[in-house]
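Please read the structure below before turning to the comments.
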Amino acid sequence: MLAATAISQNATDPLSGLELRDVPKPTPRPGWSLVRVVASSLNMHDLWTLRGVGHPADRLPIILGCDAAGYDEDGNEVIVHPVLGDPDAGRGDETLDPNRALLSEQHDGAFAEYLTVPTRNLVPKPEWLSFDEAACLPVAWTTAYRMLFTQAGITAGDRVLVQGAGGGVASAAIKLAVAAGAVVYATSRSEDKQAEAENWGARSALFTGERLPEKVDVVIETVGEATWSHSLKSLRPGGTIVIAGATSGTNPPADLGRIFYLQQRILGSTGCTRAELVAMLRMMEATGVRPVIDRVLPLEDIHKGFQLMIDGGLTGKVVIHPPAPHQ
């Protein structure tokens with residue numbers, strides 16, 4: 001079967017280590033299931049792996065891809081929950097299992113015709129959701145859902161700032177927060193992405209670093225160093241910043257004086273539980289909110305999709321279709 005495999009890592013030229021290869025069809029171990037992939041999608045996590053950030057080189061080669069939707073061995077339509085972990089080891093939350101891993105970190109991922117995962121990680125795909133839409137959800141959308149509802153606990157009427165409106169997590173956070181009745185502000189360096197954020201329901205979209213018309217209750221932060229100071233200054237006393245990424249750098253000035261004096265809360269967030277994925281699907285059905293897809297590409301063009309991500313030329317997700325599976 002054809003698969004997009006990370007064979008090496010390079011901080012400045014990450015795509016040089018991504019190779020399309022013909023590899024054997026995987027065989028599931030006991031307690032695992034084989035999934036025929038219909039659609040997957042790109043994530044920044046894939047680029048971090050290719051850059052050598054957070055992924056030891058001794059785990060290469062490995063098939064990339066954290067998101068997948070397809071068919072199980074019985075022909076059921078499924079979404080793959082991408083966090084491989086033991087809820088019991090995480091006190092009921094598999095994302096807190098010290099040994100948990102995201103699909104493609106320790107086990108071959110979704111940029112292939114087939115993959116194997118623990119059977120527990122299969123979630124029935126609702127009929128009202130297309131395979132392309134389903135493939136956008138497992139990482140970016142559930143990350144945003146956990147940030148907003150589990151970690152920040154937003155309610156209708158809350159003011160929410162989403163930094164970096166073009167990214168997959170950010171676009172999901174805007175749409176989910178709007179669907180929950182929050183007043184959403186978004187930032188971007190791009191006027192086109194600002195316009196898209198307003199189309200998705202944001203009250204206002206501003207240039208990165210621009211002063212907001214009011215202080216917010218919650219900041220959704222995935223950018224890091226470039227927006228950190230603005231995130232702190234935009235937050236009301238007692239408000240919450242939830243961090244699930246730092247694409248522009250991980251070590252901004254902390255500004256501890258502001259944090260303790262204004263009693264601001266800083267929370268980390270990684271992935272989601274299977275139960276959160278199911279809860280998000282219920283919310284999506286009730287509200288009609290759907291993911292934003294920038295474009296759909298065949299697996300053979302995956303390098304093009306990643307280059308668009310590197311260049312910042314995307315608004316929403318890139319969906320990848322593998323070739324028809326070999327018989």
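The values are calculated or read from the model by the stated rules, or taken from the named source; none is laboratory data. Quantities reported herein were computed from a predicted structural model and do not represent experimental measurements. Reconstructed Cβ throughout: ideal geometry from the backbone, glycine too, with neighbour counts over all protein chains shown.
Tell me, yes or no, whether the range 58-78 has at least one residue that is farther than 23 Å from residue 177 by Cα and at pLDDT below 95. Yes, the range 58-78 contains a residue that is farther than 23 Å from residue 177 by Cα and at pLDDT below 95.
Could you go through the range 155-167 and let me know if any residue there is within 20 Å of residue 272 (Cβ to Cβ), crowded, with 24+ Cβ neighbours inside 10 Å and either under 13 Å from the mean Cα position of the chain (by Cα) or modelled with pLDDT under 95 (or both). The answer is yes, given that some residue of the range 155-167 is within 20 Å of residue 272 (Cβ to Cβ), crowded, with 24+ Cβ neighbours inside 10 Å and either under 13 Å from the mean Cα position of the chain (by Cα) or modelled with pLDDT under 95 (or both). In this structure, is residue 262 at pLDDT 95 or above, surrounded by 13 or more Cβ atoms within 10 Å (Cβ to Cβ), hydrophobic (A, V, I, L, M, F, W, C) and outside the structural domain of residue 150 (by TED's automatic domain parsing)? Here the answer is no, as residue 262 does not meet what is asked. Please tell me if residue 96 is in contact with a helix residue (DSSP H, G or I) (Cβ under 9 Å, 6 or more places away or on another chain), farther than 17 Å from residue 319 by Cβ and at pLDDT 95 or above. So residue 96 passes the test. Can you pull out every residue in the range 241-254 that is free of Cβ contacts under 8 Å to residues at least 60 places away in the same chain and either touching a Lys or Arg at 6+ places or on another chain (Cβ under 9 Å) or assigned by TED's automatic domain parsing to the domain that holds residue 103 (or both)? Passing the criteria: only 241. The residue list 144, 112, 140 contains one member that is modelled with pLDDT under 95 and either surrounded by 24 or more Cβ atoms within 10 Å (Cβ to Cβ) or among the β-branched types (Val, Ile, Thr) (or both), which is 140.
Scanning the range 1-18 for residues that are surrounded by fewer than 21 Cβ atoms within 10 Å (Cβ to Cβ) and either more than 28 Å from residue 72 (Cβ to Cβ) or touching a Cys at 6+ places or on another chain (Cβ under 8 Å) (or both) turns up 7, 8, 9, 10, 11, 12, 13, 15, 16, 17. Of the residues 289, 242, 216, which is of a type in the set (Val, Ile, Thr), buried (at least 17 other Cβ atoms within 10 Å of the Cβ), modelled with pLDDT of 95 or more and more than 18 Å from the chain's Cα centre (by Cα)? Going through 289, 242, 216 in turn, just one is of a type in the set (Val, Ile, Thr), buried (at least 17 other Cβ atoms within 10 Å of the Cβ), modelled with pLDDT of 95 or more and more than 18 Å from the chain's Cα centre (by Cα): 216. Within the range 48-99, the set of residues being touching a residue at least 60 places away in the same chain (Cβ under 8 Å) and out of contact with any strand residue (DSSP E or B) (no Cβ under 7 Å at 6 or more places or on another chain) comprises 87, 93.
Could you list all residues from the range 27-54 that are in a loop (DSSP other than H, G, I, E, B), surrounded by fewer than 21 Cβ atoms within 10 Å (Cβ to Cβ) and not β-branched (Val, Ile, Thr)? Passing the criteria: 28, 29, 30, 31, 52, 54.
Within the range 265-286, the set of residues being of a type outside the set (A, V, I, L, M, F, W, C), out of contact with any Ser or Thr (no Cβ under 9 Å at 6 or more places or on another chain) and buried (at least 17 other Cβ atoms within 10 Å of the Cβ) comprises 274 only. Which one is surrounded by the most Cβ atoms within 10 Å (Cβ to Cβ) among residues in the range 190-213 that are touching a residue at least 40 places away in the same chain (Cβ under 8 Å) and within 23 Å of the chain's Cα centre (by Cα)? Ranking the qualifying residues of the range 190-213, first place goes to 202.
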